[in-house]
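The structure under discussion appears below in the form of structure tokens.
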């Protein structure tokens, strides 16, 4: 039998979830809506945060290409000497 949540094998024949999902369900039962708040604030990015992340990744990509170009030009310069 498979877990109703993640499609892994269930913890027991009479249970609905695997051991990991059972822990998650117990945590949600214990902490309630606070779990959803934490997931949204920590794990899920908001649109503004997504835009910032995209900008950061583009900057990294540009820097890497610039370094690559600099390395090539330096090696060509060194070969001329």
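Odds and ends about this structure:
- Full-extension gain in nm, residue 53 to residue 7, via 0.36 nm per residue minus C-alpha separation: 13.5 nm
- Cα convex hull of region 1-44, projected area averaged across orientations, nm²: 3.3
- Residue order, fewest to most surrounding Cβ atoms within 10 angstrom, among 18, 3: 3, 18
Every read-out reported here was derived from the displayed coordinates using simple, explicitly stated rules and does not represent laboratory data. Please read these numbers as outputs of a predicted model, since none were measured by experiment. Backbone-built Cβ (ideal geometry, glycine too); neighbour counts: all protein chains shown.
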